[in-house]
Amino acid sequence: MFGKVVQFFDQRYRWHRFPTLLGVLALIGIRNTLRARNLFSTTRGSGVQAPPAPASHLVARTTDGSYNDLRHPTMGMAGTRFGRNVPLEVTKPEVAPRLFTPNPRTISDKLLLRHEFQPATTLNVLAAAWLQFETRDWFSHGTDMEHPIHVPRPAGDDWPDDPMVWPSTPKDPTNQATDGSATFVNTETHWWDASQVYGSTPAFEAAVRTGSGGRVKIGDDGLIDVDPTLISTSGGQDGWWVGLELMHTLFMREHNAICARLASSYPSWNDDQLFEKARLVNAALIAKIHTVEWTTAILGHPVLHIAMRANWWGVAEERVHDLIGRISSSDLISGIPGSPTDHHGVPYAMTEEFVAVYRMHPLIPDDYEIRDVVTGDVTENLDFLDLHGGPNSRAVLRRATAKNLFYSLGTAHPGAMRLHNNPRFMHRLARNDGVFIDLAAIDVLRSRERGVPRYNEFRRLMHMAPVRSFEELGDDPETVAQLREIYDDDLEDVDLMVGMLGEQLPRGFGFSDTAFRIFVLMASRRLKSDRFFGLDFNAKVYTPEGMAWIDGNDMSSVLVRHYPELAPALHGVRNAFAPWPVPAS
């Protein structure tokens, strides 16, 4: 009954306009409804088997994510299927000609391409780099150029090929369905386990480890000593750029700092023991930073400030946690970490809808000012392609230094999540294999290819009111006219990403309320389903030193530990993902 009441008032008045306390209660009702009605398993018939359990699986994360749930060891394992947040009967992939209607290249060219940079003034570019760093932990479908998609070239387009030949999503080889339904496989673990740093395969993990003292490979120059094509199974050099390298460098250095702390307390521990425990601690710190810092920066609404901090510490708040620890087993009172695990009746998995709403490429700027951390002066002006790919990223890092690049991204704004604001460089981007792609067009294509519902149907399935006019999706008459023309005056055809970028944003929000519905469900689920954020989030498993490390650190302290020159810039900055001050010229 409570959920139905919340849905009624939310559809008519919108939860984010409620007074703060009512807004918090409304979010609880929305999340409860989504938990009850928007979790669907795709695991039936997958035939995936877990490998033998490692000796340490009770107190350490496995490389491939197996044995997190001890009763169902394949749950969340790399190589298992994505789940769904909408009923399976509505998830059949679109096929030609519907797959190309309207043409995704036309949508990219007319509705998505950036002509004038629209900044998100409450964030810095570290927030954009962080998101890419995180999504590489959560999911990757891989790409298939052996069975590409042949997209018709729009009339008058200057693309050199007709049709445009772009990679497809690899098919799930275990799916024997004959009704047109499809499932897809996550190459990464589904857990929040820092697999972007440590890998989801033994080969990846071996590539980043030194084999001594639990440490990972950092060179004498303080940078990661690993080939970027090895450190990412979800894109290699195609997705690599200096922002991503900075994040990997920072948290690989943080891993080694944790190892040093543990080794001082447990001198008898071997390499594996130190590595596994440092991974646990580092992954939890990353999850904490994302929950209470990144999220509250990009969703700067008073209700979200309360709600996301409550996800970690409960309504009892951080001060009570620091003084006496948990006061209740309830995650509402004392936070999800340390509370009993609950899958809410459906095996845990990342979902296709989660992937779809996290397509946030407008956050990436095209142009960058490189600043000196001491003076604040601009020393170089570069564009994204100067920072893109392993060789370019490393050359800029060596020339400009990590501390100056962190400062440069910390003082710059990302792009706003709006129409007409996708990066220019993505409009015709050369992959490492020589294939040219339009990444914004492929973003549109992917949701269609994977059976993610289009915008209005998606909103209905999220228990939201559908939009009733194109005027609700455009900030100006010209954009509304473009939407009408491209979608032939049919609101039901509007793609999910286009609708999310066009709709009005709640106050303080950096992305749409439609995307937020998946976020509010899955953000807590990533914690609540994970044994190592459940009852195993304790000093016995993590060590007292590990728990103190998680409690005592945030993004700012991590940055200053490894780059103390950043301390003056971060002085007085309450959230490291908010813009840092630049000295007046």
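The values are calculated or read from the model by the stated rules, or taken from the named source; none is laboratory data. This structure is a prediction, so every number in the text was calculated from the model and none was measured. In this analysis, Cβ positions are derived from the backbone assuming ideal geometry, glycine residues included, and neighbour counts consider all displayed protein chains.
Screening the candidates LYS540, LYS528 for the property of being under 24 Å from PHE354 (Cβ atoms) and charged (D, E, K, R) yields one hit, LYS528.
Look at segment 20-38: where a residue is under 18 Å from GLY83 (Cα atoms) and a partner is among the acidic types (Asp, Glu), sitting 6+ places away or on another chain with Cβ atoms under 9 Å, you get ASN38/GLU353. With respect to the conditions (1) within 28 Å of PRO302 (Cβ to Cβ); (2) within 21 Å of the chain's Cα centre (by Cα); (3) assigned to a helix (DSSP H, G or I), GLU472 lacks only one, and its number is (2). Somewhere in segment 106-120, is a residue under 30 Å from PHE204 (Cβ atoms) and out of contact with any Gly (no Cβ under 8 Å at 6 or more places or on another chain)? Within segment 106-120, not a single residue is under 30 Å from PHE204 (Cβ atoms) and out of contact with any Gly (no Cβ under 8 Å at 6 or more places or on another chain). Please work out if VAL560 is β-branched (Val, Ile, Thr), touching a Leu at 6+ places or on another chain (Cβ under 8 Å) and within 26 Å of ILE324 (Cβ to Cβ). Criteria not met by VAL560.
Any idea how many residues of segment 367-400 are acidic (Asp, Glu) and closer than 20 Å to LEU566 by Cα?
Taking segment 367-400 as the starting set, the residues that turn out to be acidic (Asp, Glu) are 367, 369, 372, 377, 380, 383, 386.
Checking the rest, the ones that are also closer than 20 Å to LEU566 by Cα come to 369, 372, 377, 380.
Going through segment 367-400 one residue at a time, the tally reaches 4.
Residues of segment 555-564 that are crowded, with 16+ Cβ neighbours inside 10 Å, in contact (Cβ under 8 Å) with a residue 24 or more places away in the chain and not β-branched (Val, Ile, Thr): MET555, LEU559, HIS562, TYR563. All of ARG14, ARG44 fail the test of being modelled with pLDDT under 90 and assigned by TED's automatic domain parsing to the domain that holds GLY508, apart from ARG44. Within this structure, GLN482 fails the test of being out of contact with any Gly (no Cβ under 7 Å at 6 or more places or on another chain) and more than 13 Å from ILE107 (Cα to Cα). Pairing each residue of segment 175-200 that is more than 18 Å from ALA78 (Cα to Cα) with any residue that is part of a loop (DSSP other than H, G, I, E, B) and hydroxyl-bearing (Ser, Thr, Tyr), provided the two are 6+ apart or on different chains, yields C-beta distances under 7 Å for SER181/THR91.
Of the residues in segment 475-500, how many are among the charged types (D, E, K, R) and either surrounded by 22 or more Cβ atoms within 10 Å (Cβ to Cβ) or in a helix (DSSP H, G or I) (or both)? Let's see the steps before the verdict.
Residues of segment 475-500 among the charged types (D, E, K, R): 475-476, 478, 484-485, 488-490, 492-493, 495.
The next check asks that each one be either surrounded by 22 or more Cβ atoms within 10 Å (Cβ to Cβ) or in a helix (DSSP H, G or I) (or both); those that pass are 478, 484-485, 492-493, 495.
Going through segment 475-500 one residue at a time, the tally reaches 6.
Taking the criterion of being closer than 19 Å to LEU244 by Cβ, of a type outside the set (S, T, N, Q) and part of a strand (DSSP E or B), the residues of segment 407-443 that qualify are GLY415, LEU429, ALA430, ILE437.
Has segment 428-443 got at least one residue that is basic (Lys, Arg) and more than 30 Å from ALA36 (Cβ to Cβ)? Steps first, answer last, please.
So in segment 428-443, the residues basic (Lys, Arg) come out as 428, 431.
Adding the requirement that they be more than 30 Å from ALA36 (Cβ to Cβ) leaves 428, 431.
Yes: segment 428-443 contains one or more residues that are basic (Lys, Arg) and more than 30 Å from ALA36 (Cβ to Cβ).
One residue stands out among those in segment 567-584 that are without any contact (Cβ under 8 Å) to a residue 12 or more places away in the chain and assigned to a loop (DSSP other than H, G, I, E, B): the one that is farthest from PHE133 (Cα to Cα), which is ALA584.
Quick check on this structure: which one of ALA548, ALA523 is at pLDDT below 95, out of contact with any Asp or Glu (no Cβ under 6 Å at 6 or more places or on another chain) and in the same structural domain as ALA287 (by TED's automatic domain parsing)? Reasoning before the result, please.
Details: ALA548 fails: at pLDDT below 95.
The conditions single out ALA523.
Among the residues of segment 80-108, those identified as surrounded by 14 or more Cβ atoms within 10 Å (Cβ to Cβ), over 26 Å from MET350 (Cβ atoms) and of a type outside the set (Val, Ile, Thr) are PHE100, PRO102, ASN103, ARG105. Return yes when GLY345 is surrounded by 18 or more Cβ atoms within 10 Å (Cβ to Cβ) and within 29 Å of THR189 (Cα to Cα) and no when it is not. No, not satisfied.
Just one residue in the set ASN32, ASN68 is closer than 20 Å to GLY534 by Cα, modelled with pLDDT of 90 or more and in a helix (DSSP H, G or I); that residue is ASN32.
Filtered by the rule that a residue be surrounded by fewer than 22 Cβ atoms within 10 Å (Cβ to Cβ) and either in contact with a strand residue (DSSP E or B) (Cβ under 8 Å, 6 or more places away or on another chain) or over 23 Å from ARG507 (Cα atoms) (or both), segment 117-131 gives PHE117, GLN118, PRO119. With the structure loaded, tell me whether ALA548 is of a type outside the set (D, E, K, R), closer than 16 Å to GLY325 by Cβ and without any contact (Cβ under 8 Å) to a residue 24 or more places away in the chain or whether it fails that test. Against the criterion (of a type outside the set (D, E, K, R), closer than 16 Å to GLY325 by Cβ and without any contact (Cβ under 8 Å) to a residue 24 or more places away in the chain), ALA548 qualifies. Looking only at segment 151-170, which residues are in contact with a His (Cβ under 8 Å, 6 or more places away or on another chain) and assigned to a loop (DSSP other than H, G, I, E, B)? Of everything in segment 151-170, those that are in contact with a His (Cβ under 8 Å, 6 or more places away or on another chain) and assigned to a loop (DSSP other than H, G, I, E, B) turn out to be PRO163, THR169, PRO170. Condition (residue is in the same structural domain as LEU250 (by TED's automatic domain parsing), at positive phi and either touching a residue at least 60 places away in the same chain (Cβ under 8 Å) or not aromatic (Phe, Trp, Tyr) (or both)) applied to segment 116-137: is it met by at least one residue? No, segment 116-137 contains no residue that is in the same structural domain as LEU250 (by TED's automatic domain parsing), at positive phi and either touching a residue at least 60 places away in the same chain (Cβ under 8 Å) or not aromatic (Phe, Trp, Tyr) (or both).
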